[in-house]
Amino acid sequence: MFTQTFKNIDDILHKDAGCSSELDYIEQTSWVLFLKYLDDLEQDKIKIAELSDTEYQQIIKKEFQWQIWAAPKLKNGKIDHNSLTGDDLLDFVNNKLYPYFKKFKNNASSANTLEYKIGQIFNELKNRIQSGYNLREIINLINELRFKTHAEQLEMSHLYEGKIKNMGNAGRNGGEYYTPRALIKTIVRVVSPKIGNTVYDGAAGSAGFLIEAFDYLKNSATGGLSTSDTTTLQQKTFYGKEKKSLAYIIGIMNMILHGISAPNIIHTNTLSENINDIQQKDRYDIILANPPFGGKERAEVQQNFPIKTGETASLFLQHFIKILKAGGKAGVVIKNTFLSNTDNASIALRHELLNSCNLHTILDLPSGTFTGAGVKTVVLFFKKGKPTTDIWFYQLNLERNLGKTNPLNTNDLSEFLKLQKTKKTSPNSWIINTEKLDQKTYDLSAKNPNAPQETPLRKPAEILKNMAELDQKSANILKEIKGLL
């Protein structure tokens, strides 16, 4: 149901003058889908209230409720096909509906409410669909979707993730919006958060890390979640920051569609905050993140950090080390050049990480893990509080090339998960003691000592000598053949 609907919506948006790429498709699908989801959520709450003989006060005024403006029904219960369309529909959406929902942010009782998040979303979004007839078709398609059962919600959330993945590949850096879910699941399992921990991603993107951590914590509770656990997970566990508007609103909606009703995501540039201002109350138990690859930051942003560098990921890593609580755990994706860069900033940052944290595991990923990113990456797993003594490296060696049609999967990472628990050595894993590192550069290059030795290349003189011998043999054979003629 969801698959075909999303495909049909994309076909309609492809024809609309206001939408030109997957980035536009998901943005415009999202706000309509979100309003339909809100309506189903409200209807569920009304039924629950009726069963408990209480009254539920809907948060959306009647004229702006989905069943009034988007899908009004006739007396026989069927959809009224004479409902708003064309220019009348565009006028209502642009000049009444959007302004109404934008006010939710200022009118909400607190930032930890669904009303506040609705206001945030519509202050960031804009209706780009230029044809009211196209918009009517999209509304009619989405109106057929249902989010009543857990299976329906699960299917929809997975397909929404698929659209985010496509958005990540739409002419942009593939890692900007979408981190492979197999990798995220693996990182979450290694870091292993517990209910009661605070989980933070300062480069939240589409909130994949926070969502996977939410699912992990829900499923880790033996005997199910208590009411207190549910409240903790909904309101006091997941926190994030995101700089880019589209990623920010997609992240919020993605979390809401996955069951987190009031996500604690802030629209801000994380790196604009001076890390010296971070206090104990600002720190988190768990950090899960994939900061942007290869970005460059201006001089005034660099002033917020003790180790000055224009490399975005290096600034994020400083931020993560500082904002992690003592005893807190982290899993952070970063370019593999961080391990060996010889500039002063990289050396200083490696020294800081090794001395303030226990960098216990490094996962070395193959090329193609991030579609379109064009860089190799590693995952750093560390715990704050004690300096590093031993680092367990694992090099993920696959017998195939990764790419858009052949992505990383959970089976690829099964050996890593198995060996990481005990830090066993193997053909793909080894341990390095920090005392054996170069104490000037702290080079952490992933050089596998257990890899099969390659046959050394022959010297040119040896090759020429072999060629001459083969030429002589060929000449002798030709001479023998001529003697037989």
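Between the residues Trp31, Gly223, Asn95, the greatest Cα displacement towards the positive end of the dipole of the chain, with unit charges on the Cβ of Lys, Arg, Asp and Glu, is found for Gly223.
Model label points for Lys308 and Leu478, set 7 angstrom from Cα along the Cα-to-Cβ axis, are 7.0 nm apart. Note on Cα extents along the principal axes in Å: of the candidates [x] 88, 60, 53; [y] 104, 72, 50; [z] 98, 65, 42, the value calculated from this structure sits at [y].
Too long at a 18 Å Cα-Cα cut-off: which of Lys47/Lys218; Lys308/Lys447; Lys383/Lys423; Lys103/Lys244?
Details: Lys47/Lys218 25 Å; Lys308/Lys447 28 Å; Lys383/Lys423 15 Å; Lys103/Lys244 22 Å.
From Lys47/Lys218; Lys308/Lys447; Lys383/Lys423; Lys103/Lys244, over 18 Å: Lys47/Lys218; Lys308/Lys447; Lys103/Lys244.
The residue list Gly132, His14, Phe293 was ranked by how far each Cα lies along the charge dipole of the chain toward its positive end, using unit charges on Cβ atoms, and Phe293 comes out on top. Taking other C-beta atoms within 10 Å as the exposure proxy, Tyr25, Tyr239 rank Tyr239, Tyr25 from fewest upward.
Taking 0.36 nm per residue of separation and subtracting the Cα-Cα distance, full extension of the segment from Leu41 to Gln235 would add 68.0 nm. Listed by chain and number, the lysines placed with their C-alpha closer than 19 angstrom to that of Lys75 are Lys62; residues fewer than eight positions away on the same chain are left out.
For the range 174-436, the square roots of the Cα gyration tensor eigenvalues, ordered a ≥ b ≥ c, give a/c below 1.5, which places it in the rounded category.
What FRET efficiency, computed as 1/(1 + (r/R0)^6) with R0 = 60 Å and r the Cβ-Cβ distance, is obtained for Asn466 and Asp215, rounded to the nearest 0.05?
Details: r = 60 Å, r/R0 = 1.01.
For Asn466 and Asp215, the calculated efficiency is 0.50.
Per DSSP H run of n ≥ 4, the term is -39500 (n - 2.57); total these for the chain, divide by its residue number, and report the mean residue ellipticity at 222 nm rounded to 500 deg cm²/dmol. After summing the helix terms and dividing by residue count, I get -13500 deg cm²/dmol. Cβ crowding within 10 Å ranks Glu137, Glu124, Glu462 as Glu462, Glu124, Glu137, fewest other Cβ atoms first.
The charge dipole of the chain, taken about the Cα centre with unit charges on the Cβ atoms of Lys, Arg (+1) and Asp, Glu (-1), comes to about 1020 debye, rounded to the nearest 20.
Coupling constants for the range 401-411 follow from the phi torsions by the Karplus curve (6.51 cos²θ - 1.76 cosθ + 1.60, θ = phi - 60°), and in residue order they are 8, 7, x, 4, 8, 9, x, 4, 10, 5, 4 Hz; glycine and proline get x. The phi torsions of the range 252-266, fed into the Karplus equation with coefficients 6.51, -1.76 and 1.60 and a -60° offset, translate into couplings of 4, 5, 4, 5, 5, 5, 8, x, 9, 6, 9, x, 8, 10, 10 Hz, rounded to whole numbers, with Gly and Pro shown as x. By the rule of a C-alpha distance below 18 Å, with chain neighbours fewer than 8 residues away ignored, the lysines paired with Lys243 are Lys117, Lys126, Lys296. If you average the C-alpha positions of the range 387-426 and of the range 254-294 separately, how far apart do those two centres end up, in angstrom? That distance is 27 Å. Taking the number of Cβ atoms within 10 Å of each Cβ as an exposure proxy, the fewest-first ranking of Glu55, Glu399, Glu50 is Glu399, Glu55, Glu50.
Laboratory data are not the source of any read-out in this text; all were calculated from the coordinates shown. Computed from a predicted structure; not experimentally measured. Every residue, glycine as well, gets a Cβ built from its backbone with ideal geometry; the counts of neighbours run over all protein chains shown.
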